[in-house]
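K.L.:
Take a look at this one; I'll ask things after.
The values are calculated or read from the model by the stated rules, or taken from the named source; none is laboratory data. Just so it is clear, the structure is predicted and the values come from calculations on it, not from any experiment. Note: ideal-geometry Cβ built from the backbone for every residue, glycine included; neighbour counts use all protein chains shown.
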Amino acid sequence: MYKINNQIDSEILCKSIVEGMQENKAKDIVVLDLREIHSAVTDFFVICSGESSTQVDGINSTVVRHTRKELKERPWHVEGKGNSEWVLLDYVNVVAHIFYKDARGFFDLEGLWADAKRTNIPNLD
């Protein structure tokens, strides 16, 4: 595990978040690499969708559990757990966005950050 100033490398953290999402069958996972964008406040966005509010909650829990187990990392801040439309897990250098499928299109983070390098992660079925 590679650490810089006692922080996990953002690429390793990003990979662990994707694994946590896949563990709970998140759909349409996208990784946006924001490191080349001057105005970005983080290195990566990891975005996914859940088919129900229950699945959104489950993905959230699985990501937190997976990153804690694998990397000893916890989110610095969590938003949106109450309504399960959009849960944000802020790990500082990586921010995970877990959307209920209908809310994702409305907020269109991929469109807002269209200048970012985009990696689509295949769905696991």
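K.L.:
Any idea which residue in segment 26-70 is nearest to Asp115 (Cα to Cα), counting only those that are among the small types (Gly, Ala, Ser) and buried (at least 20 other Cβ atoms within 10 Å of the Cβ)?
P.N.:
Ser49
K.L.:
Can you pull out the residues in segment 62-88 that are under 12 Å from the mean Cα position of the chain (by Cα) and either without any contact (Cβ under 8 Å) to a residue 40 or more places away in the chain or within 13 Å of Lys101 (Cβ to Cβ) (or both)?
P.N.:
Pro75, Val78, Trp86, Val87, Leu88
K.L.:
Follow-up. Report whether or not Asn123 is in contact (Cβ under 8 Å) with a residue 60 or more places away in the chain and surrounded by fewer than 17 Cβ atoms within 10 Å (Cβ to Cβ). Please lay out each step first, then the result.
P.N.:
Details: in contact (Cβ under 8 Å) with a residue 60 or more places away in the chain: yes; surrounded by fewer than 17 Cβ atoms within 10 Å (Cβ to Cβ): yes.
So Asn123 passes the test.
K.L.:
While we're looking at this one, here's another question. State the number of residues belonging to segment 81-114 that are surrounded by 13 or more Cβ atoms within 10 Å (Cβ to Cβ), closer than 16 Å to Phe45 by Cα and of a type outside the set (Ser, Thr, Tyr).
P.N.:
The qualifying residues number 18.
K.L.:
Can you work out which of the residues in segment 49-108 that are of a type in the set (Ser, Thr, Tyr) and out of contact with any Pro (no Cβ under 9 Å at 6 or more places or on another chain) is nearest to Pro122 (Cα to Cα)? Steps first, answer last, please.
P.N.:
Narrowing segment 49-108 to residues of a type in the set (Ser, Thr, Tyr): 49, 52-54, 61-62, 67, 84, 91, 100.
Those still in the list that are out of contact with any Pro (no Cβ under 9 Å at 6 or more places or on another chain) too: 49, 52-54, 61-62, 84, 100.
Numbers: Ser49: 13, Ser52: 20, Ser53: 22, Thr54: 22, Ser61: 21, Thr62: 18, Ser84: 23, Tyr100: 18 Å.
Going through the qualifying residues, I end up with Ser49.
K.L.:
Also, I was wondering about something else. For segment 89-107, which positions are hydroxyl-bearing (Ser, Thr, Tyr) and under 11 Å from the mean Cα position of the chain (by Cα)?
P.N.:
Restricting attention to segment 89-107, the residues satisfying the condition of being hydroxyl-bearing (Ser, Thr, Tyr) are 91, 100.
Once the filter is applied, which keeps residues that are hydroxyl-bearing (Ser, Thr, Tyr) and under 11 Å from the mean Cα position of the chain (by Cα), segment 89-107 yields only Tyr91.
K.L.:
Name the helices (runs of 4 or more DSSP H) wholly inside segment 36-125 in which the number of residues that are at pLDDT 95 or above, under 23 Å from Lys25 (Cβ atoms) and in contact with a Lys or Arg (Cβ under 7 Å, 6 or more places away or on another chain) is 2 or more.
P.N.:
53-71
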